[in-house]
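Colleague: I'd like to ask you about the structure that follows.
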Amino acid sequence: MSVLNVNIEQAGYSEEHRIIRDIVFQVRKGELIGLIGPNGAGKSTTIKSILGTIDYLEGSVCFENNQMKYAYIPEQPVFYEELTLWEHIQFVASVREWSENEMTQRVLPLLKTFRLEERVHELPVTFSKGMQQKLMIVLAMLNDPSLYIIDEPFVGLDPKAINDFLRLLNEKRQEGAAVLMTTHMLDTAERICDRIILLMDGEILTQGKIDDIHQKAGMDQGSLFDSFEVLMERST
Ligand SMILES: Nc1ncnc2c1ncn2[C@@H]1O[C@H](COP(=O)(O)OP(=O)(O)OP(=O)(O)O)[C@@H](O)[C@H]1O
């Protein structure tokens, strides 16, 4: 069952400045999809089109049951400047109408995992980039969305945080949540993604399971990076 159906004919920053074309794919329950491609390929523009924050879009982006129950984790974390970590959590809890007790039960294990429990009374704007990213992850996971849209999740996270994040994401996926993530870390993408979408110059160069991608590149052996090199070279 599809959590997200993307059928973008064209999109961009104005009608005169169209960036992406013919971006068609689905994200199904429990899947982890990697949106990959060189700098300027159109990954962020695709994400913005899905989030509805792009100025010009022809085509459609449909969420499961027309309900946009997604969490977006941007590459650059954003926080309210005057709210502490705990106040950010309270804000989510008040929207969800959780009691103090329920909120604490949900959030404490996450804060412990990411070693943030001793920083709850501090302002997240004063945290390091990695700590800010961890807090964005905690806030996203608290909401229990059916789709996680994540821009470059691994940049700035230490190796333990990457492992913890992937483990938590897997737990959420087992409960049915899907993940769409952009990344330049192809070795990690190769290890964790169910399917890959390779963008180049605003179009999908290829998409499929890792084995399909290697097959399309004619590579029996080698890494995802090697197959991408072959496919990108072939298209130019
Ligand atoms: N706000 C904007 N206004 C106009 N053009 C933009 C804007 N943001 C991006 N672009 C253009 O859109 C094209 C695709 O950029 P995009 O940010 O989608 O690429 P990307 O694949 O996410 O790249 P990266 O890996 O470097 O993050 C680029 O040519 C870029 O200059």
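Colleague: Out of the residues in the stretch 38-77 that are assigned to a helix (DSSP H, G or I) and at positive phi, which is farthest from the ligand (Cβ to nearest atom)?
Modeller: Residue satisfying both the conditions and the ranking: N65.
Colleague: For the stretch 147-182, how many residues are within 16 Å of the ligand (Cβ to nearest atom), buried (at least 20 other Cβ atoms within 10 Å of the Cβ) and not aliphatic (A, V, I, L, M)?
Modeller: Here the count works out to 2.
Colleague: Filter the stretch 11-36 down to residues that are in a loop (DSSP other than H, G, I, E, B) and either more than 21 Å from L166 (Cα to Cα) or not assigned by TED's automatic domain parsing to the domain that holds T206 (or both) and give me whichever is nearest to the chain's Cα centre (by Cα).
Modeller: Checking each candidate, the answer is E15.
Colleague: Could you list, in sequence order, all residues of the stretch 1-32 that are polar (S, T, N, Q) and within 12 Å of the ligand (Cβ to nearest atom)?
Modeller: S14
Colleague: Determine, yes or no, whether L35 is in contact with a Lys or Arg (Cβ under 7 Å, 6 or more places away or on another chain), within 16 Å of the ligand (Cβ to nearest atom) and within 17 Å of I150 (Cα to Cα).
Modeller: In short, yes.
Colleague: If you check E81 against the conditions, is it over 17 Å from the mean Cα position of the chain (by Cα), more than 16 Å from the ligand (Cβ to nearest atom) and outside any loop (DSSP other than H, G, I, E, B)?
Modeller: So E81 does not fit the description; no.
Colleague: Taking the stretch 192-204, which residues are hydrophobic (A, V, I, L, M, F, W, C) and crowded, with 19+ Cβ neighbours inside 10 Å?
Modeller: If the condition is that a residue be hydrophobic (A, V, I, L, M, F, W, C) and crowded, with 19+ Cβ neighbours inside 10 Å, then C193, I196, I197, L198, L199, M200, I204 are the ones that fit.
Colleague: Would you point out which residue out of L35, L4, L51 is touching a Cys at 6+ places or on another chain (Cβ under 8 Å) and either in contact (Cβ under 8 Å) with a residue 60 or more places away in the chain or among the small types (G, A, S) (or both)?
Modeller: The conditions single out L4.
Colleague: With (1) over 18 Å from the mean Cα position of the chain (by Cα); (2) surrounded by fewer than 19 Cβ atoms within 10 Å (Cβ to Cβ) as the list, and P74 as the residue in question, which single condition is left unmet?
Modeller: Status for P74: all satisfied but (1).
Colleague: Filter the stretch 205-236 for residues that are polar (S, T, N, Q) and either buried (at least 18 other Cβ atoms within 10 Å of the Cβ) or out of contact with any helix residue (DSSP H, G or I) (no Cβ under 7 Å at 6 or more places or on another chain) (or both); which is nearest to H184 (Cα to Cα)?
Modeller: Ranking the qualifying residues of the stretch 205-236, first place goes to S227.
Colleague: Under 9 Å between Cβ atoms, which residue pairs at least 6 apart in sequence (or on different chains) link something in the stretch 87-100 that is among the acidic types (D, E) with a partner that is part of a helix (DSSP H, G or I)?
Modeller: Listed pairs, sorted by first residue: E100/Q90; E100/A93.
The values are calculated or read from the model by the stated rules, or taken from the named source; none is laboratory data. Just so we're clear, the structure is a prediction, and the values are computed from it rather than from any experiment. Positions of Cβ are backbone-derived with ideal geometry, glycine not excepted, and every protein chain shown enters the neighbour counts.
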